[in-house]
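Where a number appears in this text, it was derived from the coordinates with a stated rule and is not lab data. Worth saying up front: this structure is predicted, and the values here are computed from it rather than measured. Here the Cβ is made from the backbone with ideal geometry for all residues, glycine too, and neighbour counts use every protein chain on show.
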Amino acid sequence: MASKGLKIAVVGGGLAGLAATMKIAEAGHDVDLLSIVPVKRSHSVCAQGGINGAVNTKGEGDSPWKHFDDTVYGGDFLVNQPPVKAMCEMAPEIIYLFDRMGVPFSRTKEGLLDFRRFGGTLHHRTAFAGASTGQQLLYALDEQVRKFEAEDKVKKYEGWEMLSLVMDDYQVCRGLVAMNLQTLELKAFQADAVIMATGGPGMIWGKSTNSQVCTGSAISACYQQGAKYANGEFIQVHPTSIPGEDKLRLMSESARGEGGRVWVPKNPGDTRKPQDIPTGERWYFLEEKYPAYGNLVPRDIATREIFQVCLDGMGIGGDNQVYLDLTHIPAETLTRKLGAILEIYEMFVGDDPRYVPMRIFPGVHYSMGGMWVDFEQRTNIPGLFGAGECDYSIHGANRLGANSLVSCVYGGFVAAPSAIDYAKNVERKNTETNGIFDAELRRQQEINDNLIKQTGSENQYKIHEEMGKVMTDNVTVVRYNDRLQATDDKLVELLDRCKHISINDSNLWATQAVPHARQLQNMLQLARVVTLGALNRNESRGAHFKPDFPERDDENFLKTTIAEFSEESPILSYEAVDISLLEPRKRDYSSGKSKAAAVNDKKDAAKIVVQGNEEKPEGVSRESITEKEGENIREGETFNEEKN
Amino acid sequence: MSETNGHSEKKRLTNPPKTVEIRITRREKIGAKQYTETFELPYRPNLNVISALMDIRKNPVTKDGKQTTPPVWDMNCLEQVCGICTMIIDGRVRQACSALVDDLLVASGSNAITLEPMTKFPNVRDLKVDRTPMFEHLTKVKAWIELDGSYSLGPGPHMSQEVQQERYAYSRCMTCGCCLEACPQYHEDNYIGPQAIAQARLFNMHPTGKITIDDRLEGLMDDDGITNCGNAQNCVQVCPMGIPLTRAIYETNRDITVNALFGWLRK
Ligand SMILES: Cc1cc2nc3c(=O)[nH]c(=O)nc-3n(C[C@H](O)[C@H](O)[C@H](O)COP(=O)(O)OP(=O)(O)OC[C@H]3O[C@@H](n4cnc5c(N)ncnc54)[C@H](O)[C@@H]3O)c2cc1C
Ligand code: SF4
Ligand code: SF4
Ligand code: FES
């Protein structure tokens, strides 16, 4: 058995990479697993809210088909439908598998899995483990992979950064080159197939809700070596993040899922503490505009509404902030259901959201776009596969909450057999690999050497900040063509300035300056793809919103943007979308749910609206709430006194 | 952090200083001598240790105006959930991303903050350490569920909310190593430590995990095993995730006794 085992390289040890690794090892093949950080510290740990799957345990008549419909509809139809359907069908199995692996999912009284409601659906479809679901799911896969590591099926290279692919004369991927982040040593990894699972590109925006290693650099490297990048312009900006100096910390959608209400004072000049402002003087703008979904409208809509309210000067004190209020729910319920995420707020802001409404603002969160893959997770480069947030295949123009974790696992579970199948059946031509590994190693070594030698007055961290600012200002919630063009000009300028960076670290041992400088250039290349994709798409769809083209335009733009690398500028083309299962319809969450798809039953609709309100605490009288608020006001006052 | 204290009051910095001093214990590489460098930055509200380090990295000039190398440290999530940025801050082991400068200054009553690398792990450079042994300990105690396979076999076992919540508490361990840093018994990997014991407990409590409890307990009975614990309880006090470590140690010891009497040792 061991004799004819295949060797597959998996780059990235987040949910997608570990899912693929487990499946390959289980099938009896060997994996080289590379990751910048120890895999257990991957970005997936940040996911808080949950994982979607239509297990239908609440008697709501939920089904994988409805999950599919919600996902495609939520993604504004810019998605090939067959893989989405396949994912939704696999989702309940995925949740059950994690249950068997020992994930401490929250339970019902009967001891079954509990489910919560998330944005963009009318069903309780989201399984969750407290408020740290991603952490728990990642750990479960990490544990299974550790078992295979103990059996020598998996060899981990943690603290290694993939730099480039190794391609043979037929433009087939035969492996990769990676750098040891302690010694800066380069090493070529030969592989029968390579699976990229390197996550999202949030660092391009400087500050985002993403972790620090989410640069998109590895995928940019693949793109620069010929991999197609799809729908780059679709970037999800999460409606509720906590502004911070070093990053934007997410306030999970589950805060709204559990009944959180978004509001601003009707009078923006109102200087009272939020607890002192009577309900009648608060503007619950989401509930007012979207009576059926209320605070649980999909992300792009919530983001734009919050953004707009602030743009109109209605933010708290005129600033870019609105309230996200949980204080009407009993503290003890909040602790049980949302403990971990509320702790984050308290830890980083200092106020206790159980008693003081949180202040939030939208922040860059997720990339729907990514490396192009087909329905088997194959890229256009033979031998190269993609899975997880780094591929574009599931979420269309906008991702629904709790759909990413499931798509990462699904992607990994499909990429693994697909890569095995490829590796088993590929016919290698004669040239084999003579010299190609050495050649790529030399090429990468030269890049490092030149970077280290390079002198100039530019500071790489300043360039990163400038990129982040221009991208945040112009390539997030609201987009204008002239500003997009100006942004691309700026990116080109920054790329040029990268040639004059001097590495400010004379000690090359475990230096972070060399890797960052390389990532920075890759980020800039990818930023151009995002920006120019946005510039060329003259319509509004999902997360992509242009006031000058406010409508979705299916005739011209129900197409996937494809970017291919060239030195001067990305080459854009468009590809038809597979809409073989669901007829595109207008996406509109404002009026009831008859248009909102999924559920057809009118009675159901009524129930759901009621349910929206029912998320105010049951069995807690208005008085007891007031009592709590009173308590809280006193403490709130102390806060402010001490602050000033 | 505690689940019950509700609306805890927090001391705010009433009179912020003009500048903040950051003293960093540095080391060029494994084996090199340690030295200290002091940096100064203008005070801003809402700084945490990571954003202070980011400022220094951008322009690494010491307080005395000496150009130096940028300090090296690890970071990823910046939400205290990946565990990677752990270091010793003003003498206490904790995560840099959740260490707010205001809080530190209030606590110390000064305008200086000291940053040192953890001492119980190989110090790679500056504030970066290598915690590989902690992951190896997880292998040793077989901290996983033995599956028949990852294919579709329906749901897992029923579980009460109580058991789920107890397990959930253990499952939040982010392998940060604070507990090992604080444990007086842990030196140079002589003792497997509370983190691995707690993770063994996490799986021993699971209905499926119980089936292989013997294998896990065996991993805890070598020379570096659970008997090294002197019950000093330092670990539980520094754990940022509030993991009930001493309870795990107690219950695991109990399991071992039971097994010694009735279990595999008899075979
Ligand atoms: C704060 C937050 C909360 C979220 N909450 C939810 C939620 O509740 N539900 C949901 O469904 N989704 C959620 N998401 C989205 C979801 O967490 C991510 O999309 C998902 O975890 C991505 O997983 P991944 O496996 O694709 O990549 P990641 O987990 O990002 O892993 C990437 C891996 O690639 C490695 N890597 C990167 N570059 C290289 C390189 N060059 N060489 C070697 N290794 C490399 C990294 O080390 C890492 O191991 C959330 C996201 C954020 C930011
Ligand atoms: S209780 Fe045991 S493990 Fe914890 S600090 Fe003390 S000796 Fe170490
Ligand atoms: S038990 Fe606590 S202190 Fe120890 S590694 Fe886990 S999270 Fe860190
Ligand atoms: S960066 Fe993840 S715990 Fe601090």
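For this structure, a couple of remarks:
- Listed by Cβ neighbour count within 10 Å, with the fewest neighbours leading, A:H67, A:H365, B:H187 appear as B:H187, A:H365, A:H67.
- Eligible aspartates and glutamates near A:K559 by straight Cα distance, threshold 18 Å, same-chain separation 8 or greater: A:D76, A:E233, A:D374, A:D391, A:E539, A:E551, A:E575, A:D578, A:E583
- Put in line by how crowded their Cβ is, counting other Cβ atoms within 10 Å and starting with the fewest, A:R282, A:R125 read A:R282, A:R125.
- Simple label model, 7 Å out from Cα along Cβ direction - B:Q233 to B:H158, nm: 3.8 nm
- Nearest-0.05 FRET efficiency for A:N180 and A:D578, computed from C-beta distance (R0 35 Å): 0.25
- In this simple spin-label model, placing a label point 7 Å from the Cα along the Cα-to-Cβ direction at both B:H187 and B:T257 gives a separation of 2.9 nm.
- A simple rule links phi to the HN-Hα coupling: the Karplus curve 6.51 cos²θ - 1.76 cosθ + 1.60 with θ = phi - 60°, which for the stretch A:27-43 gives 7, x, 10, 8, 10, 9, 10, 9, 7, 5, 9, x, 4, 5, 10, 5, 4 Hz, with x for Gly and Pro.
- Selection from A:I195, A:M167, A:Y139 lying farthest towards where the dipole of the stretch A:105-204 points positive, charges on Cβ: A:Y139
- Its Cα gyration tensor gives the stretch B:2-129 an equivalent ellipsoid, and the semi-axes of that ellipsoid, as √(5λ) in whole Å with the largest first, are 24, 19, 12.
- Listed pairs A:K207/B:K33; A:K207/A:K490; A:K490/B:K58 exceeding 29 Å between Cα atoms: A:K207/B:K33
- The string of couplings for the stretch A:490-500 from the Karplus curve (6.51, -1.76, 1.60, θ = phi - 60°) is 5, 4, 4, 4, 5, 4, 5, 5, 4, 5, 10 Hz, one whole number per residue in order, with x for Gly and Pro.
- Cut-off 11 Å (backbone N to label point 7 Å along Cα→Cβ of A:E564), residues of the stretch A:215-231: A:226-229
- Packing rank of A:214-220, A:440-446, where each peptide gets the mean count of other beta carbons within 10 Å, highest leading: A:214-220, A:440-446
- Linear extension gain, A:L112 paired with A:D270, 0.36 nm per residue minus alpha-carbon span: 52.2 nm
- With R₀ set to 35 Å, the beta-carbon distance separating A:D489 from A:E555 gives a calculated FRET efficiency near 0.70.
- Using θ = phi - 60° in the Karplus curve 6.51 cos²θ - 1.76 cosθ + 1.60, the 3J(HN,Hα) couplings for the stretch A:273-283 round to 5, x, 5, 8, 8, x, 3, x, 9, 10, 10 Hz; x is entered for Gly and Pro.
- Environment charge of B:P42, counting only residues whose C-beta is closer than 15 Å and scoring Lys/Arg +1, Asp/Glu -1: -1
- FRET E, pair A:D548, B:R247, Förster distance 60 Å, beta-carbon r, rounded to 0.05: 0.45
- Helix A:81-100 and the longest principal axis of the Cα set of chain A meet at an angle near 80°.
- Contour excess over end-to-end distance, with Cα ends at A:E332 and A:E466 and 0.36 nm allotted per residue: 43.9 nm
- Angle between chain B longest axis and helix B:193-204 axis [Cα atoms, degrees, rounded to 10]: 40 degrees
- Residue among A:V356, A:G388, A:Y323 farthest towards the positive dipole end of the stretch A:286-400, charges placed on Cβ: A:G388
- Residues in the stretch A:34-61 reached by a label modelled at A:K187 [backbone nitrogen below 11 Å; 7 Å Cα→Cβ]: A:34-35
- Chain lengthening between A:D473 and A:D152 when straightened (0.36 nm per residue, less Cα-Cα): 110.7 nm
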